[in-house]
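Some notes on the structure that comes next.
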Amino acid sequence: MLEFEEALARILAAIPPIASERAVLSEAHGRVLARQVMSPVDLPLFDNSAMDGYAVRADDLAQAKPESPVRLRLCGKVAAGENFKGEIPSGSCVRLFTGSPMPSGADAVVMQEDTLVEPKDPAGIWILEAVKPWENVRLRATDIKRNARVAEAGERLTAGEISLLAATGIESVCVGRRPKVGLVATGSELKEPGQPLADAQIYESNRLGLAALVRNAGALPATLPLVADSLAATRLALEEAFNQCDVVVTSGGASVGEMDFIRRAFEQGGGDLQFWRVAIKPGRPFMFGHRRGKLFFGLPGNPVSAFVTFLLFVRPALLCWQGGTHLALPAHPATLAEPLANPSDRRHFLRVKVDEMGTIRSAGLQASHALSSLAAANGLVELPPRTTWPTGTTVQVMRWE
Ligand code: AMP
Ligand code: MG
């Protein structure tokens, strides 16, 4: 039986080389960048006004005060998207709006609220306040300099980065290809949700939860048909799954019972099993192998075991497959509001609920079939073997949503 770190290291060592493709920005959210992105332009692209107001020469207004305003001659108007021709002479101003390019000769903007216009003198603008040079001006390249890095290789593109890249005029990015992940559920007792149940049948729940986690990891789930517990059916299902997909994830049939066919079916179909069983709770019967460059994850059937082993092993593998560099679940410290105990000799990944104050409680029944606590949980806490942590202990919580 492997320890957790050893198991994960073996999986990551088996990831095939990264393949990349181009993705238009509208399709690129959450994709892993295969190359860093440099800005082709300065941002702002040109000096422009931060306000609705008037472009001025700051020197002209040194004496302007509400009780002694200075009159400037209005010599034009520049809307956003237009340009001022020529240079503004001393003693004059140009009407501007937010985003209007600065006319040459001007070195500041007086906001509209600091001005007065007399109806009988529309060509004269009374300025009530002095301005400093470049006040209310958004100077070229103060946000982003041309050739500066705007997104990093190996990271997943965020919504904010998409806005930034679009502003630089970039249309598409080079990203890691997404693996197609075949989800296979085995078990003669399983029935599709929505169908009537016969005696002793249960609804299949692993593929849907795992499909959501696959998408969350940036990969593409393929939900494959249910598989009855026989060697022939399992072999056929794996054959089909490997034909269609880059990664195959099964659930169930991974233990030692005579109805557990996954391991045999995988090996008889030419799969190279790398390991079976990891010293964790839930999820001990987890297995991993590969077959002709494709990855195979055999998850236990118990719904919580399947979910947790996916988070611990399959998720980082899928991110790594796409070229990702941040593979671990995001984690942060939080404080126990009640003791947590792990009497077993395997490390336990407990389902917990973290509140907004950063305090943690058990999410409920920790048995590996108990979905109520999985649904209630928003984090996992890794508790070492034979350990009890008292109330008030600060621990790391791993998050996945
Ligand atoms: P197994 O690993 O096949 O021995 O399954 C362990 C337990 O998980 C059994 O109670 C199964 O009925 C249940 N189980 C297996 N696969 C699923 C599934 N896809 N959806 C819901 N329960 C399952
Ligand atoms: Mg089964």
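Total residues in region 83-94 satisfying the condition of being farther than 15 Å from TYR54 by Cβ and either assigned to a loop (DSSP other than H, G, I, E, B) or touching a Lys or Arg at 6+ places or on another chain (Cβ under 9 Å) (or both): the figure is 3. Remark: PHE46 falls outside the filter, which requires a residue to be under 30 Å from ARG277 (Cβ atoms) and among the aromatic types (Phe, Trp, Tyr). All of (1) open to solvent by less than 60 Å² (accessible area, probe 1.4 Å); (2) closer than 24 Å to MET102 by Cβ; (3) of a type in the set (A, V, I, L, M, F, W, C) hold for LEU210 with one exception: (2). For first residues located in region 290-311 and assigned by TED's automatic domain parsing to the domain that holds LEU380, partners that are open to solvent by less than 10 Å² (accessible area, probe 1.4 Å) and at pLDDT 95 or above and lie 6+ apart or on another chain with Cβ distances below 9 Å do not occur. Among the numbered conditions (1) touching a strand residue (DSSP E or B) at 6+ places or on another chain (Cβ under 7 Å); (2) open to solvent by 60 Å² or more (accessible area, probe 1.4 Å), the only one that CYS75 does not meet is (2). When the residues of region 95-125 are filtered to those that are farther than 18 Å from SER49 by Cβ and in a strand (DSSP E or B), the one that is farthest from the chain's Cα centre (by Cα) is GLY124. When restricted to residues that are more than 22 Å from the chain's Cα centre (by Cα), open to solvent by less than 50 Å² (accessible area, probe 1.4 Å) and hydrophobic (A, V, I, L, M, F, W, C), region 350-375 contains 5. With a requirement of 3 or more residues that are within 16 Å of ligand 1 (Cβ to nearest atom) and within 18 Å of LEU2 (Cα to Cα), the strands (runs of 3 or more DSSP E) lying completely within region 244-316 that satisfy it span 294-299. Against the numbered list (1) more than 19 Å from VAL32 (Cβ to Cβ); (2) in contact (Cβ under 8 Å) with a residue 60 or more places away in the chain, LEU213 comes up short only at (1).
Within region 230-241, if we keep just the residues that are of a type outside the set (D, E, K, R) and within 24 Å of SER205 (Cβ to Cβ), the residue that is farthest from ligand 1 (Cβ to nearest atom) turns out to be LEU236.
For region 353-374, give me each residue that is under 15 Å from VAL304 (Cα atoms), outside any loop (DSSP other than H, G, I, E, B) and in contact with a helix residue (DSSP H, G or I) (Cβ under 9 Å, 6 or more places away or on another chain). Let's see the steps before the verdict.
At the first step, the residues of region 353-374 found to be under 15 Å from VAL304 (Cα atoms) are 362-374.
If we keep only those that are outside any loop (DSSP other than H, G, I, E, B) as well, we get 362, 371-374.
Hits for region 353-374 are SER362, LEU371, SER373, LEU374.
The values are calculated or read from the model by the stated rules, or taken from the named source; none is laboratory data. Treat the numbers as computed from the prediction; the structure is a model and nothing was measured. Glycine also receives a Cβ, built like all others from the backbone with ideal geometry; neighbour counts cover every protein chain displayed. Note: accessible area is taken over every heavy atom of the protein model, side chains too, but ligands, DNA and RNA are not part of it. Shrake-Rupley method; radii C 1.70, N 1.55, O 1.52, S 1.80 Å.
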